[in-house]
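Here the structure comes first, spelled out in structure tokens, and everything after it is commentary.
The values are calculated or read from the model by the stated rules, or taken from the named source; none is laboratory data. Source: prediction; values computed, not measured. A quick note on method: Cβ atoms are made from the backbone with ideal geometry, for glycine too, and the neighbour counts reach across all protein chains shown. Just so you know, the surface numbers come from the protein's heavy atoms only, side chains and all, with ligands and any DNA or RNA stripped out. Shrake-Rupley method; radii C 1.70, N 1.55, O 1.52, S 1.80 Å.
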Amino acid sequence: MVEVEQFIDEAIAEIDEQVGDADAIIALSGGVDSSVAAALAYEALGDQLTPVYVDTGLMRKGETEQVEETFSYMEGLRIVDAHERFLDELSGVTDPEEKRAIVGERFIREFEREAREADAEYLVQGTIYPDRIESEGGIKSHHNVGGLPEVVDFSGIVEPVRELYKDEVREVARALDLDALVAERMPFPGPGLAVRVLGEVTEEKLQVAREATHIVEEELEEYDPWQALAAVIGKATGVKGDNRVHGWVVSVRAVESRDGMTARAQELDWATLQRLQSRITGSLENVSRVVYDVTHKPPATIEYE
């Protein structure tokens, strides 16, 4: 485990040394990794830092509002609505690695544009050690590592938490006195709901994945999972009222883990599972059934794509 106070001091000094007198932008997502990176960079750079949150249309329910509230203390916070640009580029794409590459490319181009407007030379992002391991090992390309394009218009990319595992990042978040809503928040994939929608990404499937994930996170809070999510995995026939419904199949997943490198599916009681399916099918008319994923990591990954 990292020595937290020493890490914070060294990370701030490293950011200050790498960026120097130049300006930088920080890629905010609302998750703990980018939030810690932002807090460290703000401490090091102050008004040399411009925080940028890109709303991809692939985010959790209420994410944009949460980011605005959490980071309002940082001057110059920019909220970029890139919903249509991301969905246009993902249209018709079904391959998971292609999705990740598209999201990575689109992200960096959005940040490049914002950097030009802010006259910033450096990009700060919340890449952590498992992102690098999984990307370099060919398991899946994280948008901020293997999903990055080869040519980027920055003098450098600053990654202050690149050597940390998720549990270590949380320790740093607590030491920095970040809001518990951020410090203890469940992980969320960089490509967002795009990797919780199997096959082509559409507005309809995103809406199902977003609402179902919100329900799952609420219902399973008492179980304190490392991560809980809902994914749209296909279609199946069902019945609602007296009508046949060829609706979406939602897969619920909840796992226990220390660092995300391995994970065990949580054992949920029958009443909880029934409550989950009742809320999801009851609130989403186009969902015909709900299943629960009992696969550990390995052989599965935590996310679906």
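Per-residue packing, averaged as other Cβ atoms within 10 Å, sorts the ranges 252-258, 293-299, 31-37, 43-49 into the order 31-37, 252-258, 43-49, 293-299, beginning with the highest. Taken about its Cα centre, the stretch 202-292 carries a charge dipole of roughly 480 debye when the Cβ of each Lys and Arg holds +1 and the Cβ of each Asp and Glu holds -1. Placing one equal scatterer on every Cα of the stretch 202-292 and applying the Debye formula, the log10 ratio I(q)/I(0) at q = 0.23 Å⁻¹ is -1.13.
Couplings for the stretch 228-244, taken from phi via the Karplus curve 6.51 cos²θ - 1.76 cosθ + 1.60 with θ = phi - 60°, read 9, 7, 10, 10, 8, 10, x, 10, 8, 7, x, 10, 10, x, 9, 10, 6 Hz in order; Gly and Pro are left as x. Take the Cα of GLU105, step 7 Å along the line toward its Cβ, and report every residue of the stretch 153-168 whose backbone nitrogen sits under 17 Å from that point. Flagged as within label range: 153.
For the pair LEU273 and THR64, a Förster radius of 25 Å applied to the C-beta separation gives a FRET efficiency near 0.20, rounded to the nearest 0.05. For LYS297, the lysines whose Cα comes closer than 28 Å to its Cα, not counting residues fewer than 8 places off in the same chain, are LYS61, LYS99, LYS140, LYS166, LYS205, LYS235. For the stretch 4-183, with all protein chains in place and a probe radius of 1.4 Å, 41% of the accessible heavy-atom surface sits on carbon or sulfur.
In this structure the chain gives 45 Å² per residue of accessible area when probed at 1.4 Å with all protein chains present. Between the listed residues ALA265, VAL182, ALA24, the Cα displaced farthest toward the positive end of the dipole of the chain, a dipole computed from Cβ unit charges relative to the Cα centre, is found at ALA265. Ranking PRO225, GLN274, PHE111 by Cα position along the charge dipole of the chain, where only Lys, Arg, Asp and Glu carry charges on their C-beta atoms, puts GLN274 farthest toward the positive end. A Förster radius of 30 Å combined with the Cβ-Cβ distance from VAL152 to GLU5 puts the calculated FRET efficiency at roughly 0.35. To the nearest 0.05, how large is the calculated FRET efficiency for ASN243 and ILE133 if R₀ is 41 Å and r is the Cβ-Cβ distance? Once the sixth-power term is evaluated, E becomes 0.30. When all protein chains stay in place and ligands, DNA and RNA are ignored, the 1.4 Å accessible-area order of ILE102, ILE233, largest first, is ILE233, ILE102.
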